[in-house]
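Derivation of every value follows stated rules applied to the coordinates shown; laboratory data play no part. Keep in mind that this is a model prediction, so the values were computed, not measured. Note that we place each Cβ from the backbone using ideal geometry, even for glycine, and neighbour counts take in every protein chain shown.
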Amino acid sequence: MDVIAAYESVGTYRGAAELCGTTHKTVRRIVEAHRAGLVGETPAGRKGRAHNYDEVTQLVAKRVADTQGRISAKRLLPAARAAGYPGSPRNFRRLVAEAKTAWRRDHHRGRRPGVWSPGETLIIDWGVLAGVHVFCAVLAWSRFRFVRFAGNERGTTTFELLAECFEVLGGVPQVVLADRMGCLKAGVVANLVVPTADYVRFATFYGFRPDFCQPADPESKGMVERLVGYAKADLMIPQQPFTDLWSANDAAEVWCGEVNARQHSEICAVPLDRLERERELLRPLPSLRPEIGAKVTSRKVDRLSCVRFGSARYSVPCRLIGTQVTITTTPTTLTVVAPVTGEVLAEHPLVGPGETSIDDAHYDRPRPDRPNRAPRPRTQTEKDFCTLGPIAEAFLVGAAAAGVSKLGAELADICILRAAHGDQALLAALERAVTYRRWRAADIRSILATSGHAPTPRPAGSSLADVLTLPTVPTRPLDAYKIQPDSTREDR
């Protein structure tokens, strides 16, 4: 019911309040405002109530404006107490909250949602958890995510992972957006980031434009910030601890394949499907790959078909003798690759200084247990003697080891005996001389004088059948000599 009509009907404030279901004070205020409006007067406003923080309101507003709405009530309360604020901390927090709200109302940044174009922007960032650094990248339009682990956040590591990301994407975007990370930033002038010379060379090689966010502004790249948190919560924490970076990156590659194959809640599409369309707008990868980090280690293959690294030797195929090769290392292995094609030529475990790592497959034959120092005849007499074959070479090696000083003259005398007795007899004599370690020509002459009938000593305990030719006689079993009982006596 209308309050004015009810009051005119009953004539009292309390009666009208009973009819309208309100209080008599409310009825009075409405009636007085109605009467003031009829005569053209402004109704009297409600008298404001004083607060115990009115004395420090200006102080709080000034400190909030000076700190751009960042100061907390806890930090501001001691100054308010010194200015005469007698109230409770809870009431003071209300005042600070109202002051911050009023300041932000007039100083809001007015953010807009990001509008991304295909093939335009790749956003990157680093995160760390339990000493393991995680590199994250998001292709803005397709929401394709790339995550890898590393042991540090140096510039060379960032370049290597960016290069790997471009390989996975199959192209290069126009812009790479990053925060002001120290590995990519050489300095800041007039709030403009000056990238490092290495980053400029890397960007020029791939053909993208480096871009940087505003300082202390994570919202400008919230897409990759969210990915860092997602990778920590869904990948790193469930699978820690990792045994090494290689196994961690294998797990990261599998994880990226899973999340990129699921529908993204923001774009209601599968990032992998979107990447197939966006890849057509990405810049093509360069035909060569950049050399990132320290200068590539090159070595010349020596005559031993080895390269030296860290004061150690590592074998390579013999066909590479005299050529230049490139060496790459990991904490446990060394890899030899071709400089231009990148073909892997050899792989070895790292060894200590002064040691050697040999692969027999790099040579035409396996390595012998001991060095083979075969005779190499030079004079005509030596050549004639070595034509007798392995027995003659064994005789030469044994005579040299025994210290026969005039071995050349001895060989000349033996060649004369060859002409007199023939090759077969001389070979048998040389074999017997090698067996019993007789290295003089006189010994060979004595053996030849026996015409092959010289006795052959046998070790003690050998069977006589091996030495003598015994006659064959019939034999009887021992049972034939068994005493038989006399059957005639038993009959008696």
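Laid out as a table, the results:
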| read-out | value |
| --- | --- |
| Cα-projected label distance for Asp244 with Ala36, points at 7 Å along beta-carbon direction, nm | 8.6 nm |
| Per DSSP, loop trypsin sites (Lys or Arg not before Pro) in the range 259-361 with at most 13 further Cβ within 10 Å | Arg262, Lys295, Arg303 |
| Over the range 380-449, relative contact order from alpha-carbon pairs under 8 Å, at least 6 apart, % | 37 percent |
| Per residue convex hull volume, Cα atoms of the chain, in Å³ | 586 Å³ |
| Share, in percent, of DSSP beta bridges within the chain that are antiparallel, nearest 5 | 80 percent |
| Total formal charge among the other residues, if their Cβ is under 11 angstrom from that of Ser357, Lys/Arg +1 and Asp/Glu -1 | -2 |
| Rg over Rh, two decimals, the range 361-452 (C-alpha only, Kirkwood Rh) | 1.04 |
| Helix axis angle, 390-402 relative to the chain longest principal axis, alpha carbon, degrees | 80 degrees |
| Gain upon complete extension [Thr196, Glu253; 0.36 nm per residue less C-alpha separation] | 17.6 nm |
| Centre separation in Å (Cα based) which lies between the range 66-104 and the range 280-314 | 63 Å |
| Spin-label model distance (nm) - Ala480 vs Arg308, 7 Å beyond Cα toward Cβ | 8.3 nm |
| Label-point separation, Thr381 to Ala65 (7 Å along Cα→Cβ), nm | 11.8 nm |
| Between helix 89-106 and the chain: long-axis angle, C-alpha atoms, 0 to 90°, nearest 10 | 90 degrees |
